[in-house]
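Each remark here refers to the structure printed beneath this line.
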Amino acid sequence: MTKFNIFSENIYESWDIDEKCFIATAKKILKFYLSAPEVYEKSCLSGFEYKTISFDFLYCSSRKTHEINREYRNKDYPADIITFAIFADSEEKFIFDGEINLGEVIIALDKVVEEAERKNTSKEYELSFLISHGILHLLGFDHQTEEDYNFVIDLQNKALESIGV
């Protein structure tokens, strides 16, 4: 049985999210993805032995994602989500004591609120949607083509549906 170590920090003061709840949501989403052969076999984890998967969430403002985009990605705009996929993007797949650190997902909560209002959905749904998106990026999935984008969005919808979100 794989253990999940998911850590989170919320530095966005306008929304005191229930971090334990969203960590539980992330674990359920990750379990769904790992149980789906079409995901696991194409993921960065395929072919590796491990006991633990870990990664981090940082919840912040779009001002912070703008700073991160400028500093680390040479992009001058605020993002709703930024993912640093350490394991997936590394040439050397480093596994320490049976643990794989997938990386970090950074989510701008003010963008989540804006999107929820725009789509007339709940903030919690939109946050869960971005969490599922970030996890796919950590697993090595990207969406540079329309086909890849549709594949990722379809997986996200299936994952959220499977956990009742």
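The values are calculated or read from the model by the stated rules, or taken from the named source; none is laboratory data. Source: prediction; values computed, not measured. When we count neighbours, we look across all protein chains shown, and the Cβ atoms used for this are built from the backbone with ideal geometry, even at glycine.
For the structure I just gave you, tell me whether residue 132 is hydroxyl-bearing (Ser, Thr, Tyr), in contact with a helix residue (DSSP H, G or I) (Cβ under 9 Å, 6 or more places away or on another chain) and in contact (Cβ under 8 Å) with a residue 12 or more places away in the chain. It is true that residue 132 is hydroxyl-bearing (Ser, Thr, Tyr), in contact with a helix residue (DSSP H, G or I) (Cβ under 9 Å, 6 or more places away or on another chain) and in contact (Cβ under 8 Å) with a residue 12 or more places away in the chain.
Of the residues making up the stretch 116-157, those that are within 17 Å of the chain's Cα centre (by Cα), of a type in the set (D, E, K, R) and in a helix (DSSP H, G or I) are 123, 124, 126, 148, 154.
Within the stretch 22-36, is even one residue modelled with pLDDT under 95, closer than 25 Å to residue 148 by Cβ and over 18 Å from the mean Cα position of the chain (by Cα)? No, there is no match, as no residue in the stretch 22-36 is modelled with pLDDT under 95, closer than 25 Å to residue 148 by Cβ and over 18 Å from the mean Cα position of the chain (by Cα). The lone criterion from (1) charged (D, E, K, R); (2) surrounded by 13 or more Cβ atoms within 10 Å (Cβ to Cβ); (3) closer than 24 Å to residue 78 by Cβ left unmet by residue 27 is number (3).
A quick yes/no check of all residues on (1) of a type in the set (S, T, N, Q); (2) surrounded by 18 or more Cβ atoms within 10 Å (Cβ to Cβ); (3) in contact with a Phe, Trp or Tyr (Cβ under 6 Å, 6 or more places away or on another chain):
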{"position": "98", "(1), (2), (3)": "no, no, yes"}
{"position": "103", "(1), (2), (3)": "no, yes, yes"}
{"position": "106", "(1), (2), (3)": "no, yes, no"}
{"position": "116", "(1), (2), (3)": "no, no, no"}
{"position": "125", "(1), (2), (3)": "no, no, no"}
{"position": "137", "(1), (2), (3)": "no, yes, no"}
{"position": "142", "(1), (2), (3)": "no, no, no"}
{"position": "149", "(1), (2), (3)": "no, no, no"}
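When you scan the stretch 61-75, do you find a residue that is under 19 Å from residue 24 (Cα atoms), surrounded by fewer than 20 Cβ atoms within 10 Å (Cβ to Cβ) and at pLDDT 95 or above, even just one? If you could, list the steps in order and put the result at the bottom.
Keep residues of the stretch 61-75 that are under 19 Å from residue 24 (Cα atoms), which gives none.
Among the residues of the stretch 61-75, not one is under 19 Å from residue 24 (Cα atoms), surrounded by fewer than 20 Cβ atoms within 10 Å (Cβ to Cβ) and at pLDDT 95 or above, which makes the answer no.
Residues that are in a strand (DSSP E or B) and among the β-branched types (Val, Ile, Thr) were ranked within the stretch 10-65; the one that is farthest from residue 142 (Cα to Cα) is 52.
Looking only at the stretch 1-43, which residues are among the polar types (S, T, N, Q) and closer than 22 Å to residue 63 by Cα? 8, 10, 14, listed by residue number.
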